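Student: Handing you this structure, nothing more for now.
What follows draws every value from the coordinates through simple rules; no lab data is involved. All values reported here derive from a predicted model rather than from experimental measurement. Note: ideal-geometry Cβ built from the backbone for every residue, glycine included; neighbour counts use all protein chains shown.
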Amino acid sequence: MLSSMAGFVLLLVVVFVSVLERGQTEIRYFDWHAAIVVLGGVSGSLLMALKGSTFKQMVLDWLRAILGRDLMREKIEVLKEDIAKMTSAWKENRRSEVLSLVESSRAEEVRVAADALIQHLQGQRLAERFESLRVKTSNDMLPQIEGWDMVARLSPSFGIVGTVAGMVQLFRNMATQSGGLGGAMAMALLATLYGILFGTAVGGPMSTRLNQQLNEHLSLIDLLERQVAALIEEDRSRKRGSEAQA
């Protein structure tokens, strides 16, 4: 609710700034009116469409990407390490290590897999455990992906909003022969430039990046499910062989 109200206020600010009269007489590469229209418009729309927590996560992910920090990549690497550790411990009959992973693993996927191994789950019960993991992973990441898709779509649109507002001011200034032609032209030209740049250079790449990470994460969950099923079947076959020999 609060995020929607904040988004609505931001959009009102965008409307106010877009019609604000300026006395600027020259065109520069930075125009704060155009920047507010694009960034404020996109941010306001996101706040109204998404949860506040999703918007916050998008901002944090963007800042981490700028700083070269990728928490999702780190999580995937941890997942790979714990999968290898669990598989090795199970094959070497170190059941206590597998049991400890149920509580100590940093990856929820491995905790679920280790618990499934200990319980020897098979068939529908095993599939349900991993399907819930896939659903949770998708639900965690899809809102952010959709948010960055919105950024890619809306940034050029708000750039056009600034362009139209600037052109209205331009024609009005021409009609009254005032000295604000430079400000109107800057608004008309730079708003579109900022919108296209922000959508193309930020929204599109971030959406693609998160989609790739989501696909890799889901692929690892699929691989983990197959490994657990194979390890359980291998263990059962070994036990049946031992019983037959006895």
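Student: For LEU60, what is the net charge nearby, where nearby means another residue's Cβ is under 13 Å from its Cβ and Lys, Arg count +1, Asp, Glu -1?
Tutor: Summing Lys and Arg as +1 and Asp and Glu as -1 gives +1.
Student: Which distance in nm do the two modelled labels at GLU108 and PHE30 give, with both placed 7 Å along the Cα-to-Cβ direction?
Tutor: That separation, rounded to one decimal, is 4.2 nm.
Student: Moving to a separate point now. Run down the lysines and flag those whose C-alpha is under 29 Å from the C-alpha of LYS56, throwing out any fewer than 8 positions away in its chain.
Tutor: Of all the lysines, those that pass the test against LYS56 - Cα under 29 Å, at least 8 places apart if same chain - are LYS75, LYS80, LYS136.
Student: Label-point separation (nm) for SER138 and ARG238, each offset 7 Å from Cα along Cα-to-Cβ?
Tutor: Going from the SER138 label point to the ARG238 one covers 3.5 nm.
Student: Can you give me the distance in nm between label points at ILE118 and ASP70, each placed 7 Å from the Cα along the Cα-to-Cβ direction?
Tutor: Simple spin-label model gives 3.3 nm for this pair.
Student: Report, ordered by chain and residue number, the lysines lying within cross-link reach of LYS239, taken as a straight Cα distance under 28 Å and ignoring same-chain residues fewer than 8 apart.
Tutor: LYS85, LYS91
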